[in-house]
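Accompanying notes for the structure given below.
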Amino acid sequence: MSNAQVHYLDADSPPRVLFSGEQLLIEHLPAGTRVIYPKPPIVGLKDPDAAIRYALNHPLGMDPLHAQLFPGETLFARVGPTRPGPVSSSARAA
């Protein structure tokens with residue numbers, strides 16, 4: 001890896017702040033240690049409500065949601081994690 005988020009420490013590198021439970025530790029790490037920093041945050045949306053409306057009216061690969069509903073039907077939309085996770089046995093039985 002060679003990008004701005006990955007740094008290899010040398011003998012002259014300053015100590016690093018590390019998380020340890022609820023504490024912060026200041027530690028000297030050995031030369032050659034690879035330190036990976038998170039990417040900088042992305043710029044927020046100027047109008048989140050408009051972005052949500054657009055996404056509902058222009059879903060990827062299908063008709064708009066309003067075109068998929070019958071009169072009187074209710075839409076339940078859940079916003080959650082973007083990655084699949086484990087499903088509990090009680091959720092599977094439902």
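Just so you know, all these numbers are worked out from the coordinates, no wet-lab data involved. Remember, predicted model here, so these are calculated numbers, not experimental data. Neighbour counts run over all protein chains shown; Cβ positions are idealised from the backbone, glycine included.
Here are a few things to note about the model shown:
- Among residues of segment 53-68 that are farther than 16 Å from VAL79 by Cα, those with a Cβ under 9 angstrom from a residue that is surrounded by 10 or more Cβ atoms within 10 Å (Cβ to Cβ) and among the polar types (S, T, N, Q), sequence gap 6+ or separate chain, pair up as MET62/GLN68; PRO64/ASN57; HIS66/ASN57.
- GLY32 passes every criterion in (1) on the phi < 0 side of the Ramachandran plot; (2) touching a strand residue (DSSP E or B) at 6+ places or on another chain (Cβ under 7 Å); (3) not hydrophobic (A, V, I, L, M, F, W, C) apart from (1).
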